[in-house]
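Heads up: the structure comes next, in structure tokens.
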């Protein structure tokens, strides 16, 4: 984002976490409330990024391992004669999906709780900041009108 | 071919193989399925399967505008998936890109050229200022409120209104439709507000406004409140309190029960089916002011319909659900998934037979609807027995036309309330016409 910009900027989805990173603008006269909001958003972004990048990587890795072990059990190689990667059909993969979901259930429960908490906190702070800004603008306008 | 060569050179192992694999399997049926699948995902988001009904043949006209939109989206998505070629193992891209590649293949075959879209996708990969542009706002809010899905919900409510055995009141009808529409917008917005990181990780939902940062969460909540409050107020004051209460309850059920439950237990499907069943009940209570057997029957028909529809759809989305952490029957209890779908197909036959008993329709309704109900039950049975992609697809596609047709047939077989009045007179009334005719 350009240096002169006074807005937040959002980027393309991350390769691993699929979340879009945000670069937050720090205004020169940032109030404590605004700083709390920005820091909360930054922290949330970091938490989400960490969780999903790790989770997606684990998914792909375990999927590879599953395919490998199943192919080995069937006596097939990872690649067939033409050099392409051998894959399992949907029904065979279904076992993996079920297993993966139940293995990660508790992890998801924890993440869900954290996510909801963070989401509500951030939105509430946004509301507070918006209210304060609106009141400030109203007072400034009144002052101007008065003058 | 070009892509395969390019990718092979950059050393990605999986993607070229998927391409070749993809080229082999791509055929007309597949393409159609992918289009429809994507279309249906629009209606039947895993989060929104409740609001996936189509009331009348209106659905046909709704289907085609989607295709143009979605084709572009598909191509856009795919182009920018292929571009960031890195030697690093792309984690999620394996299957999602496989899906996207399929869609691209199908889109390319249909369109013939993907070049015009490249500019758009490049833009999509750039950093964007998080500033709300007023001219974008209507489009953003439409996507936030899932406007097309809302339209379908409103048509279901209209079907409920139309089936009610009372004289048609246009004002009431319009107020009820508007109120239901606003309530649906509110519920959908809150749903998206709750699901941002999960939506980012699923192909179907990753272009939503909150995911892309086009709108702030605060604004999304404010929009939801500014739709929900007037919507429910309109229903309560402009129609009747019962409809308002049902609307408010449905919003609560959808946002506070169904949405969190999706990630906790497979029971979410049943809750979602109730959410889908309530709009026609609301339509009925808007017309009659009371919750009688007819309303419950209509709700029951929609409730049962949800299962073959959603279970068949979810059969093909197991990977995304598994990775995203969604607890769906198709992943955790596949046999139950198929059994429930079949069970509810058969229930539809039963419910159609009950309709004339409750004086909602004439006896021609169960007779005329029997063929389509039997057909969907047959497909439900095939899905139960075969448990494969092709049977799930067939069942899903059937459900798409089955519901509008069933509701249409129901409407044409609706028992005119004049008939009922006469019947009442014959049976015991001291009322006017019937008696006059009988007197010598």
Selection count, the range B:220-234, where residues are surrounded by fewer than 21 Cβ atoms within 10 Å (Cβ to Cβ) and at the interface with another protein chain (Cβ under 9 Å from one of its Cβ atoms): 2
So, in the range A:31-56, exactly how many residues are under 19 Å from the mean Cα position of the chain (by Cα) and either touching a residue at least 60 places away in the same chain (Cβ under 8 Å) or more than 9 Å from chain B (Cβ to nearest Cβ) (or both)? 16
Please go through the range A:119-147 and pick out each residue that is under 17 Å from the mean Cα position of the chain (by Cα) and either more than 14 Å from residue B:218 (Cα to Cα) or more than 10 Å from chain B (Cβ to nearest Cβ) (or both). A:121
For the range B:321-339, check the following and say yes or no: at least one residue is surrounded by fewer than 23 Cβ atoms within 10 Å (Cβ to Cβ), in a helix (DSSP H, G or I), more than 14 Å from every other protein chain (Cβ to nearest Cβ) and in contact with a helix residue (DSSP H, G or I) (Cβ under 7 Å, 6 or more places away or on another chain). yes
Identify all residues within the range B:191-201 that are assigned to a helix (DSSP H, G or I) and within 11 Å of chain A (Cβ to nearest Cβ); write none if there are none. B:193, B:194, B:196, B:197, B:198, B:199, B:200
Conditions first: (1) more than 22 Å from residue B:207 (Cα to Cα); (2) at the interface with another protein chain (Cβ under 9 Å from one of its Cβ atoms). Residue A:28 passes all but one, so which condition is the exception? (2)
Which listed residue, of B:381, B:307, is in the same structural domain as residue B:396 (by the TED database), crowded, with 21+ Cβ neighbours inside 10 Å and touching a residue at least 24 places away in the same chain (Cβ under 8 Å): B:307
Does residue A:18 count as surrounded by 18 or more Cβ atoms within 10 Å (Cβ to Cβ) and outside any helix (DSSP H, G or I)? yes
Test: residue A:59 is within 20 Å of residue B:211 (Cβ to Cβ), surrounded by 18 or more Cβ atoms within 10 Å (Cβ to Cβ), facing another protein chain (nearest Cβ under 10 Å) and in contact with a helix residue (DSSP H, G or I) (Cβ under 9 Å, 6 or more places away or on another chain): yes
On the given criteria, is residue B:176 within 14 Å of chain A (Cβ to nearest Cβ), more than 22 Å from residue A:10 (Cα to Cα), crowded, with 23+ Cβ neighbours inside 10 Å and over 18 Å from the mean Cα position of the chain (by Cα)? no
Collect the residues in the range B:353-375 that are outside any helix (DSSP H, G or I) and more than 10 Å from residue B:297 (Cβ to Cβ), keeping them in residue-number order. B:359, B:362, B:363
Only one of B:212, B:204 that is under 24 Å from residue B:319 (Cα atoms) and facing chain A (nearest Cβ under 10 Å): B:212
Single condition residue B:263 does not satisfy, out of (1) closer than 23 Å to residue A:106 by Cα; (2) assigned to a helix (DSSP H, G or I): (2)
Could you check, for the range A:69-76, whether at least one of its residues is more than 10 Å from chain B (Cβ to nearest Cβ), surrounded by 13 or more Cβ atoms within 10 Å (Cβ to Cβ) and not in a loop (DSSP other than H, G, I, E, B)? yes
Residue that is nearest to the chain's Cα centre (by Cα) [pool: residues in the range B:280-297 that are under 18 Å from residue B:351 (Cα atoms) and touching a residue at least 40 places away in the same chain (Cβ under 8 Å)]: B:280
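The values are calculated or read from the model by the stated rules, or taken from the named source; none is laboratory data. Predicted, not measured: the structure shown is a model, and the values here were computed from it. Using ideal geometry, Cβ is built from the backbone for each residue, glycine included, and neighbour counts are taken over all protein chains shown.
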